[in-house]
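Enquirer: Before I ask anything, let me first share the structure, which is written out below as structure tokens.
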Amino acid sequence: MSDTAVLPAATGYALRRDRCVIEVSPRPPLVRSRLRATGGHWTPGAALTVTLDPGSLRTPVPFLGRAFRGEELTFTAAEVAEDPFVVEGSVAGRTVRLKGDVRHRDARGVVVWAAGVVLPARRKPRHAGRLARLLAGRRLRVEIAIEFVTESVTGFVR
């Protein structure tokens, strides 16, 4: 028997991009906007990483999406509690706190839902437009619904 035969199987999940919704709204909630995730990974009881495309911001406010053009944003959390589903991490230097639950779990994957807030940025961006600076100083409400699939189920990850 080899040394690796007794190691536990990997329990990580990959984000299913076509089954991921991330909604953002300022406080008070005047409008809702959606961001698209380009990838992600979650190991239950450990780290969670979701990569967001800021250029994908869809909103009913004209030209708001242009204020968020730039490089990918990465949301990272070192530990994630599962019952209830609690995430505390950061994205672009802003603290994110989400609380929700695991809505579905089976052999192929997990569906999670959570809501919470992104706290205001400590420093406002200097080279951003007026609108981006205004939003950087406000609390944002975030709601996520994400399906993660086992990494062995590669047919689902798009």
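Enquirer: Only residues that are touching a residue at least 24 places away in the same chain (Cβ under 8 Å) and under 11 Å from the mean Cα position of the chain (by Cα): list them for segment 86-101, please.
Expert: VAL87, GLY89, VAL91, VAL96, LEU98
Enquirer: Among the candidates PRO54, PRO28, PRO8, PRO62, which residue alone is surrounded by fewer than 18 Cβ atoms within 10 Å (Cβ to Cβ), within 25 Å of ASP106 (Cβ to Cβ) and at pLDDT below 80? Step through it out loud before you land on a result.
Expert: On the way: PRO54 fails: within 25 Å of ASP106 (Cβ to Cβ); PRO28 fails: within 25 Å of ASP106 (Cβ to Cβ); PRO62 fails: within 25 Å of ASP106 (Cβ to Cβ).
Going through PRO54, PRO28, PRO8, PRO62 in turn, the sole match is PRO8.
Enquirer: Select from segment 31-51 the residues that are at pLDDT 90 or above and among the β-branched types (Val, Ile, Thr) and list them in ascending order.
Expert: THR38, THR49, VAL50, THR51
Enquirer: Looking at segment 116-158, which of the residues that are among the acidic types (Asp, Glu) and under 16 Å from ALA14 (Cβ atoms) is modelled with the highest pLDDT? Step through it out loud before you land on a result.
Expert: Looking only at segment 116-158, we keep the residues that are among the acidic types (Asp, Glu), and these are 143, 147, 151.
In the following step, the residues that additionally are under 16 Å from ALA14 (Cβ atoms) were identified as 147, 151.
Working: GLU147: 93, GLU151: 72.
Looking at residues that are among the acidic types (Asp, Glu) and under 16 Å from ALA14 (Cβ atoms), I get GLU147.
Enquirer: Then there is this: Tell me, which residue of segment 96-115 that is surrounded by fewer than 17 Cβ atoms within 10 Å (Cβ to Cβ) and touching a Pro at 6+ places or on another chain (Cβ under 9 Å) is modelled with the lowest pLDDT?
Expert: VAL102
Enquirer: Name the residues in segment 11-25 that are modelled with pLDDT of 85 or more and either loosely packed, with under 14 Cβ neighbours inside 10 Å or of a type outside the set (A, V, I, L, M) (or both), would you?
Expert: Residues of segment 11-25 modelled with pLDDT of 85 or more: 12-23.
Answer for segment 11-25, where residues must be modelled with pLDDT of 85 or more and either loosely packed, with under 14 Cβ neighbours inside 10 Å or of a type outside the set (A, V, I, L, M) (or both): GLY12, TYR13, ARG16, ARG17, ASP18, ARG19, CYS20, GLU23.
The values are calculated or read from the model by the stated rules, or taken from the named source; none is laboratory data. If you're wondering where the values come from, they're calculated on a predicted model, not measured in any experiment. Note that each Cβ is placed from the backbone with ideal geometry, even for glycine, and that neighbours are counted across all protein chains shown.
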